[in-house]
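Quick notes on the structure that follows.
The values are calculated or read from the model by the stated rules, or taken from the named source; none is laboratory data. For clarity, every value in this text was computed on a predicted model and none was experimentally measured. Using ideal geometry, Cβ is built from the backbone for each residue, glycine included, and neighbour counts are taken over all protein chains shown. We work out accessible area using only protein heavy atoms, side chains counted, and drop any ligands, DNA or RNA first. Shrake-Rupley method; radii C 1.70, N 1.55, O 1.52, S 1.80 Å.
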Amino acid sequence: MTESHAFPESFLWGASTSAYQIEGSPLADGAGPSIWQRFAHSPGRTANGDTGDVACDHYRRYREDVALMAELGLQAYRFSISWSRVLPAGTGPVNQRGLDFYERLVDALLAANIKPNATLFHWDLPAALDDRGGWLNRDVADWFGEYARIVFARLGDRVPLWATLNEPWVVTDGGYLHGALAPGHRNLFETPIASHNLLRAHGTGVQAFRAEARSGQIGLVVNLEPKDPATSSPHDERAARRGDAYMNRQYLDPVFTGRYPEEMRDIFGTAWPEFPAADFALIQQPIDFLGINYYTRGVVRDEPTALPVRIAYVRQPAHAYTETGWEVHPPSLTRTLLWVTERYGRMPLYVTENGAAFYDAPHAIDGAVDDPLRVWYYREHLKACRAAIAGGADLRGYFAWSFLDNYEWSLGYSKRFGLVHVDYETQTRTPKASARYYREIIRTNGAALDG
Ligand code: BGC
């Protein structure tokens, strides 16, 4: 195998989105509101007051979008299912029309020879469940298990790849600690409880899959971000370890080793509860693959006033940053894939998200979108994937974030991550230069990286 052909023949090339970020029509056909519907409509919560009411109008344009995916040569498409379309109140009566939408989408993908990769929860908890305590209520694990069972009963014969949750760390850090994301709480004591219940829900989701689905594989999707100490001082080194425990190991250690990292108690102090030992058997069930979302690394120093983790990020002047303020650091993607492989054992991995926000204006005359920085970002990160495979990681596929420009949560429409430009006034889709580049990568199974 030559270096330029280091991706296995079966390597899966795809792109990702999530429900609230692209679908629009959040209350259509009997759907209930989600916490994102509520949060986005609360004054002052999102940039420019932007909401997902229309987004990319994918709910109504999904056929056109699937055709575009096929044109771009995508072999797989990762999307999420909106819980409150399926169960408007989160539990109780099923809204068949919500399930019908995802069934039509899945069938359109299969007809276009694109493998569906469905995530059950990408942050849009039914608002009715938030009213019952949301991720703070231990019952949420059962609510999630029941929702998962309903979805598997309808689609479990056709979707080859499933994920329970997308990025539990962001749900809790953004939603319960810092409040920048729905439901917008800022409470140190709530944060570990929400994390733990997310992991328990992951467990019941896996159980429901084993009981109900007839084929396919299930995993968990986490966002991993290695933490490097800014200096070699022991304070900064300890700070980096705290940052790593908080963001990375807090979710992976329980799933793969059945316990939380030592550092959690130091970070949360009296806010760190004792969890029932029996919970860990539920959390630690075997999964078929791990999905990794990778965007950046963090260089950190000790900062005693920055509670609870006590780290501050140190900007790296020699490196490029994206418009979300994230350092571009491809070697850390290689490192992350190899670290997971070493620490938790060799297992099937997918990069389920990777991409960058850059502003690229459509050309004034022909509307073409040239995005050289994004092309460069993808090229270097795909080379980093290839290096990880060469180093022994069992990486099975890669999903670019994102297929379309979309609703970047509290940043609204101000940040564009798409391979495809979306004109939000007209809903015109224009593949960017990066989409053409990615198509060539897919066509050559990665060999074009060296071109
Ligand atoms: C999330 C996406 C988000 C992307 C860029 C990930 O944390 O899964 O929903 O749009 O990062 O911020």
Practice task
Select, from 225, 262, the only residue that is open to solvent by 10 Å² or more (accessible area, probe 1.4 Å), within 16 Å of the ligand (Cβ to nearest atom) and touching a residue at least 12 places away in the same chain (Cβ under 8 Å).
Solution key: 225
Practice task
Could you tell me which of the residues 243, 184, 219, 179 is without any contact (Cβ under 8 Å) to a residue 12 or more places away in the chain and open to solvent by less than 40 Å² (accessible area, probe 1.4 Å)?
Solution key: 179
Completion exercise
Taking the stretch 1-53 and the residues there that are among the β-branched types (Val, Ile, Thr) and part of a helix (DSSP H, G or I), the one that is farthest from the ligand (Cβ to nearest atom) would be 35
Fill in the blank from the handout: Among 45, 97, 61, the single one that is open to solvent by 10 Å² or more (accessible area, probe 1.4 Å) and closer than 28 Å to residue 443 by Cα is 61
Exercise for the section: For the stretch 151-170, name all the residues that are in contact with a helix residue (DSSP H, G or I) (Cβ under 6 Å, 6 or more places away or on another chain), open to solvent by 10 Å² or more (accessible area, probe 1.4 Å) and of a type in the set (A, V, I, L, M, F, W, C). Expected result: 153, 169
Completion exercise
Residue pairs within 6 Å by beta carbon, gap of at least six or interchain, first lying in the stretch 403-423 and on the phi < 0 side of the Ramachandran plot and open to solvent by 10 Å² or more (accessible area, probe 1.4 Å), second among the acidic types (Asp, Glu) and more than 8 Å from the ligand (Cβ to nearest atom), listed first then second, are 413/50; 415/323; 416/405; 421/405
Practice task
Note down all Cβ pairs under 6 Å where the first residue falls in the stretch 279-302 and is within 16 Å of the ligand (Cβ to nearest atom), the second is part of a helix (DSSP H, G or I), and they're at least six residues apart or on different chains.
Solution key: 294/333; 294/336; 297/332
Handout entry: Residues within the stretch 155-187 that are among the hydroxyl-bearing types (Ser, Thr, Tyr) and over 15 Å from the mean Cα position of the chain (by Cα), tallied
Key = 1
Practice task
State the number of residues belonging to the stretch 187-199 that are open to solvent by 20 Å² or more (accessible area, probe 1.4 Å) and touching a residue at least 60 places away in the same chain (Cβ under 8 Å).
Solution key: 3
Handout entry: Candidate set: the stretch 1-42, residues that are without any contact (Cβ under 8 Å) to a residue 60 or more places away in the chain and closer than 30 Å to residue 441 by Cα; chosen: the one surrounded by the most Cβ atoms within 10 Å (Cβ to Cβ)
Key = 23
